[in-house]
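Derivation of every value follows stated rules applied to the coordinates shown; laboratory data play no part. This one's a predicted model, so the numbers in the text were calculated from it and none came from an experiment. Cβ coordinates were reconstructed from backbone atoms using ideal geometry, including for glycine residues, and neighbour counts include every protein chain displayed.
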Amino acid sequence: MTASPPSPSAPPPRDQITLDELDDLVIGAELFSSGGGGTDGPADSLLDWARQALARGPVRLLGPDRNPGQAPEAHADDPGNRAQHPDCVAVLLVGTPTMLEEHLPTGNETRAAVAALERWTGGSLRAIAPLNIAGVNCLPAVITAAQLDLPLLDIDGMGRGFPLVEQTTYALDGIDPTPLAVAGGNGEVVVVDQPAASLESMLRPLVLGCGGWVICACYPARVSRFLRAGIPGSINRAIQAGHALRHPGDTTSDGHALARRLGGRLLCRGRVVDVEYSPDRRSTTSHPASVSSLVIEEAERARRIVRLEAHNEILLALADGGVIGSVPDIICLVGQHFRRVIDIEQVTPGLDVDVILLPAAHHWHTAPGMALAGPAAFGLPELGNRPCA
C-alpha cells in the first residue's frame with residue numbers, strides 16, 4: 001500500500017525548503033519516528049542551527065521526477081558497492097539529541113564531516129541526501145545542504161526511524177555505508193572505513209567519546225544511485241504530515257479521518273492504562289535502547305486491550321493478544337486533544353491517544369527488507385510479510 005494522496009488543504013509539493021516549511025517538516029518528521037522522537041521535538045540547539053542555516057536562503061529539493069536539466073550531473077553507476085568518484089553522501093545525527101543541549105554544536109560539524117569524507121574518497125559533492133526523515137534526523141541533511149549551498153535530494157533511506165545506520169534502502173540497493181566520517185562538537189573528526197557488519201560496535205563507543213552526539217556523513221555514492229535506492233518524496237511527505245497535524249480541522253474528534261489524511265489507518269482510539277519499562281535499561285551496540293510496553297484500553301468498538309511493544313521505536317501492536325501491526329510498518333501515537341505525536345518515553349497513564357499505522361515503503365516488504373528491518377531483526381517472532389492494508 002502506498003500513502004494516500006494529501007487532503008485538498010495540504011500544501012502543494014515543494015521544490016525547496018525555506019524557513020516557512022521548517023515547522024511543518026519538524027512536526028511531520030516526528031510522525032515517522034514511530035514513537036521514538038515526538039512531543040518535545042528536536043533539541044532547541046538543533047532547531048536553532050537549522051533556522052540559522054536556512055536564514056541564508058532556501059534549500060533546493062531534487063527528486064527522481066526532476067528532469068536532467070534540473071538535477072545535478074550523474075555519472076554511470078559503479079559495478080560494485082563503492083563509488084569511485086562519489087558526488088553525494090547521506091548525513092545524519094548519531095547519538096542522543098538531548099546531549100546537544102549540554103554539549104552545544106559549533107555549527108561547523110556538518111562541513112567538517114563532509115570535507116573529511118570528500119578527502120578520503122576523492123569525490124566532489126553535487127548533492128546531499130537524508131539518511132532518514134524521522135524525528136531529529138530530518139534536520140542535519142537540511143543544515144548541511146544549506147551550509148554548503150548544495151541541493152537536497154527529496155528521498156531518504158528509511159521512510160521512518162530505525163536504530164542502526166545500516167538499516168536503509170541504500171544498503172538494500174548495495175551501497176556501502178562506509179567509509180563514513182563523524183565530526184564532534186570539540187573539533188573531533190574521525191573517518192571510519194571498515195566492513196558494515198562491525199560498524200555499530202565501532203560507531204557507538206566513538207559517539208560516546210565525542211560527548212554523546214556526532215554529525216555523520218556516510219554512504220558515499222553517486223546522485224543517480226541515491227535516486228534509485230532512496231524512498232522518493234520523503235521530505236515533502238513529512239511537510240504534508242506536519243501540515244495535517246498543525247491544522248487538524250475536524251479530525252480532532254475523528255481518529256479515522258486523521259489517519260486517512262496521514263495516509264494510514266487507525267488501529268485504536270483509547271486511554272493509556274499502564275506503562276511498563278524493562279528492568280534492564282542498559283543499551284547494547286546492536287540496539288541502543290531499552291524495551292518498554294504500553295497498555296491502552298480502547299474507548300470504542302470492542303473495547304479491546306491494546307499492547308504496544310517498543311525498543312527504540314514501537315515495533316509491535318497487539319489487540320487482545322492478536323497482532324494488528326508490526327515493524328517495518330510505522331506505529332505511532334497521536335494525542336487526541338492536542339494532535340501532536342507522542343514519544344513513548346513521554347507517555348503516562350491517563351493519556352488519551354490515537355494509535356495510527358502508516359505503511360512502510362515497499363522496499364521493506366521484500367524478503368531482503370524484512371530480513372534487515374522486519375520483526376525478526378529486533379528479536380521478535382517471525383510474523384511473515386504483513387504489509388499495512
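Before moving on, here are some points about what is shown:
- Considering only beta bridges that DSSP places wholly inside the chain, some 90 percent are antiparallel.
- Label-point gap, in nm, between D23 and D65 - each point 7 angstrom along Cα→Cβ: 2.6
- Shape box of the chain [Cα atoms, principal axes, largest first, Å]: 61, 46, 41
- Look at the dipole of the chain built from charges on Cβ: of L100, L294, S234, the Cα furthest out on the positive end belongs to S234.
- Between the residues H243, L180, L203, the greatest Cα displacement towards the positive end of the dipole of region 159-254, with unit charges on the Cβ of Lys, Arg, Asp and Glu, is found for H243.
- Modelled label reach - R301, point 7 Å along Cα→Cβ, region 314-344 residues with backbone N closer than 16 Å: 317-326, 331-334
- Over the chain, DSSP H runs of length four or greater, each weighted -39,500 (n - 2.57), average out per residue to a 222 nm ellipticity of -7500 deg cm²/dmol.
- Anisotropy class assigned to region 16-234 is rounded, per the alpha carbon gyration tensor with a/c under the 1.5 cut-off.
- Highest-fluctuation residue, D173, D320, D23 considered, GNM on the chain with Cα pairs under 10 Å: D320
- Helix 234-246 axis, angle to the chain major axis (alpha carbon atoms, nearest 10°): 40
- Helix 44-54 axis, angle to the chain major axis (alpha carbon atoms, nearest 10°): 50
- Prolate/oblate/rounded label for region 253-375 (Cα gyration tensor, a/c 1.5): oblate
- Residue order, fewest to most surrounding Cβ atoms within 10 angstrom, among S293, S224: S293, S224
- Computed extension gain for H256 through R119, at 0.36 nm per residue and net of the alpha carbon distance, reaches 44.2 nm.
- Of all DSSP beta bridges confined to region 95-219, the antiparallel ones make up roughly 90%.
- Spatially, region 240-275 and region 112-173 are offset by 30 Å when compared through their Cα centroids.
- Environment charge of I235, counting only residues whose C-beta is closer than 12 Å and scoring Lys/Arg +1, Asp/Glu -1: -2
- Rounded to 5, the percent of DSSP beta bridges in region 16-234 classed as antiparallel: 70
- Region 122-263 shape via C-alpha gyration tensor axes, a/c threshold 1.5: prolate
- Within the listed set V273, V192, V89, the residue fluctuating most in the Gaussian network model of the chain (springs between alpha-carbon atoms under 10 angstrom) is V273.
- Principal-axis tilt of helix 199-209 within the chain, Cα atoms, nearest 10 degrees: 90
- Environment charge at R271 (Cβ cut-off 12 Å; Lys +1, Arg +1, Asp -1, Glu -1): -4
- Here's the picture: charge each Lys and Arg Cβ at +1 and each Asp and Glu Cβ at -1 in the chain, and of V214, P86, L46 the one pushed furthest to the positive end of that dipole is P86.
- Extended-chain gain in nm, criterion 0.36 nm per residue less alpha-carbon gap, T366 and L380: 3.3 nm
- Around A29: net Lys/Arg minus Asp/Glu count, Cβ-Cβ under 12 Å: -3
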